[in-house]
Amino acid sequence: MRYDRPRLPFGDVRVQLAVQTKKRKTMIITIDGPAGAGKSTVARMLADRLGFEFLDTGAMYRAVAWACVDRGVDLNDVNDVSGTVAEISIQFEGNRIVCNGRDVTTEIRSAEASHAASIVAAVPAVRLEMVRLQRESAADNDYVTEGRDQGSEVFPNSGCKFFLTADLKERAGRRLLELQSRGQSGSMEDVLAQIIDRDERDRSRDIGPLVKADDAIEVDTSGKAIEQVVDYLERTSRKRLVISTSKLA
Ligand code: DC
């Protein structure tokens, strides 16, 4: 079925994203940054330590890409991609992600899925729907959310925002290890090229680009142990959330 809802000019999408922002009753910690900066691992650990829920927003864009490929949709056809996202169902069940009734947790982690996700993530209708779902998910519980636009666009009023970075080579090395741990192959050269390509696409899109929010704390994870990074995030979050909660009272 074709999807012929007229494409909105970018200005209108921005207005819609802003209108969706409401004052929140729950606490949100946002962690953004480029591919391979270690966001998912530390975000999950931070959520565990604080007793918060964890939202992996990259997995949502990966699920959209999976649904498009599953339907045989051309990823560069904005109309068809928009039509796919209009009918999508995405659910998190613990650490698993279910898309249109199918557990896609493993499938969405391949190098091809990473590439496809960064293409569909630039489609305005995809971003609008993912942002809506992310805000809806985080409405009733405290969350650590992780992605590219969480502090800048999705939860601009969050009292605690981090932007994780790391050396390009270290990020590529981490991705390579991750792929190998899943039994997938790849060379350091390929992974480096894929990361550069993906970062470029994530940074240059018009809506929800990868960007550090003005009030986010930048954390360079190069050469640091995961525990060391999580310790720092936990200490900082505890301080910040107490301050922002008392400001609200
Ligand atoms: O974090 P990740 O590698 O799983 O993300 C996959 C892709 O999804 C990434 O190339 C950019 C996109 N993404 C996004 O555009 N916005 C987010 N909040 C999270 C991910």
Residues that are open to solvent by 30 Å² or more (accessible area, probe 1.4 Å) and more than 10 Å from the ligand (Cβ to nearest atom), drawn from region 134-151
136, 137, 139, 140, 141, 142
Do we have residue 98 as open to solvent by less than 30 Å² (accessible area, probe 1.4 Å), more than 12 Å from the ligand (Cβ to nearest atom), closer than 17 Å to residue 38 by Cβ and at pLDDT 95 or above here?
no
Keeping to region 46-92, report how many residues are open to solvent by 10 Å² or more (accessible area, probe 1.4 Å), within 14 Å of the ligand (Cβ to nearest atom), closer than 19 Å to residue 128 by Cβ and out of contact with any strand residue (DSSP E or B) (no Cβ under 7 Å at 6 or more places or on another chain).
3
Please go through (1) more than 13 Å from the ligand (Cβ to nearest atom); (2) not in a loop (DSSP other than H, G, I, E, B) for residue 156 and return the number of the only condition it doesn't satisfy.
(2)
Within region 196-238, track down each residue that is open to solvent by less than 80 Å² (accessible area, probe 1.4 Å) and of a type in the set (Lys, Arg).
198, 201, 205, 212
Condition broken by residue 105, with the remaining ones in (1) among the β-branched types (Val, Ile, Thr); (2) in contact with a strand residue (DSSP E or B) (Cβ under 6 Å, 6 or more places away or on another chain); (3) crowded, with 22+ Cβ neighbours inside 10 Å satisfied:
(3)
Consider region 114-145. How many of its residues are within 15 Å of residue 84 (Cβ to Cβ), part of a helix (DSSP H, G or I) and hydrophobic (A, V, I, L, M, F, W, C)?
9
With the structure loaded, tell me whether residue 131 is within 9 Å of the ligand (Cβ to nearest atom), farther than 22 Å from residue 233 by Cα and either within 13 Å of the chain's Cα centre (by Cα) or of a type outside the set (Val, Ile, Thr) (or both) or whether it fails that test.
yes
Hey, among the residues in region 152-174 that are out of contact with any strand residue (DSSP E or B) (no Cβ under 8 Å at 6 or more places or on another chain) and of a type in the set (A, V, I, L, M), which one's surrounded by the fewest Cβ atoms within 10 Å (Cβ to Cβ)?
168
Across region 175-215, what is the total count of residues that are charged (D, E, K, R) and touching a strand residue (DSSP E or B) at 6+ places or on another chain (Cβ under 7 Å)?
2
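The values are calculated or read from the model by the stated rules, or taken from the named source; none is laboratory data. Fair warning: this is a prediction, and the values are worked out from it, not measured in the lab. Reconstructed Cβ throughout: ideal geometry from the backbone, glycine too, with neighbour counts over all protein chains shown. The area values use the complete protein model at the heavy-atom level, side chains included, leaving out ligands, DNA and RNA. Shrake-Rupley method; radii C 1.70, N 1.55, O 1.52, S 1.80 Å.
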